[in-house]
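Colleague: Here it is, the structure in full.
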Amino acid sequence: MKKISLKILIPVVTATVLAYLFLVLSTSTMVSKTLNETFTEIFEYAIYKLHSEVDIETIFYSKLKKTHIESERARLSTLTDLGESILQNYYIKENEGVLSRRAAQEQAKAELRALRFGDNGYFWATDKECMTLILPNNPENEGEDWTNKKDEKGNPFIKKSIQGAMNEPSNGIFISYWWPKKANGMSFEKLSHARYFSPWGWVIGCGYYLDEVQKKLDDFETAQIEELNKKLYSKLLFGSYPYIVNGDSTVIAYYDQDKIGKKSDFRDSITGDDFIKELIEIKNGSTNYNYKDAVTGKIVSKRAYVNHVEDFDWYIILTMNEQNILDIVNAVSQSIIVTAVISIIVILILLIYSVSSVTRAVNKMTYMIHDISEGEGDLTKMVDVTSKDELGSMAEYFNNFIESLRNTISSIKGVSDKSGRLGHNLASSSEEISATVEEIAATMRSIGG
């Protein structure tokens, strides 16, 4: 016969264990999904913050570049003002009769020819018929007709300079063209400012090579990149490091400083695919790739997030070791499982204790009823009432039943004793009657006889 404790414990324990298993599985799945989504959001936010830092650098660089170019243009305008004032000075001397026109012009040319600024800066001049007057770097070409002179790009810059300057006598014009730094040397792009001096019909100008300005900007950009590298690698995120490449896969920022300025060669350790090119094509998003750990030699799965900085055509890339995330997810899942197991054990102990307290009272009543049914029960014993719940009520009712039974049996016993005494009296009376009858019979026999 199955005990009542088992009838209670088995279904309750089974239901509890199944409920906890379902809870653990569903919670682990939900936690795993939530953690993955959380880490994805963290990395997306991190790359957004990196983008913001880079944006600050690019905005500053763009403003500096614009300011620097504007400053150079203003400097050229000031220099042509200076050149024009020199011509004006000699023109005044001509008008005052101090110098002849020829002498005034020759002295003006000599003074302008000697002026230098910057590394390669000088003044040049032509007349309005495109005849060259001052060419400090190419004196052998002075006096030539450059009406049809063009730079290596086919730009008739002399004719454009003269026409533009004559059309803007007050402010002059800026003109861009290609010109060698040295005679018969390589041509570089140059920006010049030209002014028209109407009294003599001359056009004077000066300019600077854009590569020299660009070099200054490049030097500044290099310094900014070095500073950016320090910022990027001062705080790593979950052991992950960001890096930046441009549109042709040249490394701009990387924790290994030796790779900066070189073409990236980051490939999937299994497929050999260039995942950097894939990220450049994605622009904004993520992809998975395999990476061989240089320390352990193991191949791990990594996820790379990319964000495009349009102003510089830079690509900010942030990688994440998925195994690290899995380890955290597994640790959380294990904590949930351990907590669930401990909870189940505690609940089982409480259930066993509760069921035992119930079955102890039931077993005691069962034992007493069994004794009574066998006719050996002690009707003076009572079940202890230790609680005020249903079991306490049942024990109290059982005690009342025993007390009623004991009273009934006592009553029956009293009646039985009275019946015994009555039977004994009846027997005594019967014997006395029998003796009397014998005595009468004997008397009658003696009378008859």
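We did not get these values from a lab; they are worked out from the coordinates using the rules stated. Predicted model only: the values in this text are computed from it and were never measured. With ideal geometry, Cβ positions are generated from the backbone for all residues, glycine too; neighbour counts draw on all protein chains shown.
Colleague: Beyond a 30 Å Cα-Cα separation, which of these cross-linked pairs lie in this structure: 190/283; 182/259; 259/283; 262/302; 109/150; 160/262?
Modeller: Details: 190/283 35 Å; 182/259 35 Å; 259/283 22 Å; 262/302 23 Å; 109/150 24 Å; 160/262 41 Å.
Check vs 30 Å cut-off fails for 190/283; 182/259; 160/262.
Colleague: Let me ask something else about it. Just order 254-261, 124-131, 201-208 by mean Cβ neighbour count inside 10 Å, highest at the front, would you?
Modeller: On the way: 254-261: 13.8, 124-131: 19.1, 201-208: 23.2.
Highest mean packing first, the order is 201-208, 124-131, 254-261.
Colleague: Another question, if that's okay. Going by how many other beta carbons lie within 10 Å of each one, how would you line up 72, 168, 140, fewest first? Present the calculation step by step, with values, prior to reporting the outcome.
Modeller: Working: 72 19, 168 13, 140 8.
If I rank by nearby Cβ atoms, fewest first, I get 140, 168, 72.
Colleague: Under a crude label model (7 Å from the Cα following the beta-carbon direction), how far is residue 270 from residue 82 in nanometres?
Modeller: The modelled label-to-label distance comes out at 6.7 nm.
Colleague: Given Cα pairs under 8 Å that are at least 6 residues apart, what percent is the relative contact order of region 89-196? Let's see the in-between values first.
Modeller: Numbers: 156 pairs, mean separation 16.0, N = 108.
In percent, rounded to a whole number, it is 15.
Colleague: Can you order the peptides 267-273, 193-199, 292-298, 83-89 by their average number of other Cβ atoms within 10 Å per residue, highest first? It would help to have the intermediate numbers written out before the result.
Modeller: On the way: 267-273: 13.0, 193-199: 21.1, 292-298: 8.6, 83-89: 16.9.
Taking the mean over residues of other Cβ atoms within 10 Å, the ranking is 193-199, 83-89, 267-273, 292-298.
Colleague: For residue 258 paired with residue 181, estimate the spin-label separation in nm (one decimal), with each label point 7 Å from Cα along the Cα-to-Cβ line.
Modeller: Between residue 258 and residue 181, the simple spin-label model gives 3.1 nm.
Colleague: Right, here's the next one. Check which residues have an amide H placed less than 5 Å from residue 181's amide H, if you skip close sequence neighbours.
Modeller: When sequence neighbours closer than 5 places are left aside, the close amide H contacts are 186, 188.
Colleague: Excluding residue 211 itself, what net charge comes from residues whose Cβ is under 13 Å from its Cβ, given Lys and Arg +1 and Asp and Glu -1?
Modeller: Details: positive: 181, 190, 215, 216; negative: 72, 119, 189, 212, 218, 219.
Every neighbour counted, the sum reads -2.
Colleague: Quote to one decimal, in nm, the extra length available between residue 216 and residue 106 on full extension: 0.36 nm per residue of separation minus the C-alpha distance between them.
Modeller: Stretched out fully, the residue 216 to residue 106 stretch lengthens by 35.9 nm.
Colleague: Oh, and also: According to the square roots a ≥ b ≥ c of the eigenvalues of the Cα gyration tensor, what is the shape class of region 244-290, taking rounded for a/c under 1.5, prolate for a/b larger than b/c otherwise, and oblate for the remainder? Working shown, then result.
Modeller: Values: a/c = 2.01, a/b = 1.33, b/c = 1.52.
Taking the square roots of the gyration eigenvalues as a ≥ b ≥ c, region 244-290 is oblate.
Colleague: Please tell me the relative contact order of region 134-179 in percent, rounded to the nearest whole number, where contacts are Cα pairs under 8 Å and at least six residues apart. Display every interim value, and only then the final one.
Modeller: Working: 35 pairs, mean separation 13.3, N = 46.
It rounds to 29 percent for region 134-179.
Colleague: Within 15 Å, Cβ to Cβ, of residue 115, how many net charges do the neighbouring residues add up to if Lys/Arg are +1 and Asp/Glu are -1? Numbers along the way, then the final one.
Modeller: Working: positive: 75, 109, 113, 116, 195; negative: 81, 84, 111, 119.
Local charge sum for residue 115: +1.
Colleague: Here is a follow-up. May I ask you to evaluate 6.51 cos²θ - 1.76 cosθ + 1.60, the Karplus curve with θ = phi - 60°, for each residue of region 153-170 and list the ³J(HN,Hα) values in order in whole Hz, giving x for glycine and proline?
Modeller: Couplings: 8, x, 8, x, 5, 5, 4, 5, 5, 5, 5, x, 5, 5, 6, 10, x, 7 Hz.
Colleague: How far apart, in nanometres, would the label points at residue 341 and residue 166 be if each is projected 7 angstrom from Cα along the Cα-to-Cβ direction?
Modeller: 9.8
Colleague: Quick check for me: using +1 on Lys/Arg Cβ and -1 on Asp/Glu Cβ, what's the dipole size of region 68-167 about its Cα centre, in debye to the nearest 20? Each step should come with its number before you reach the end.
Modeller: Values: 14 positive and 17 negative charges, 31 e Å.
About 140 debye.
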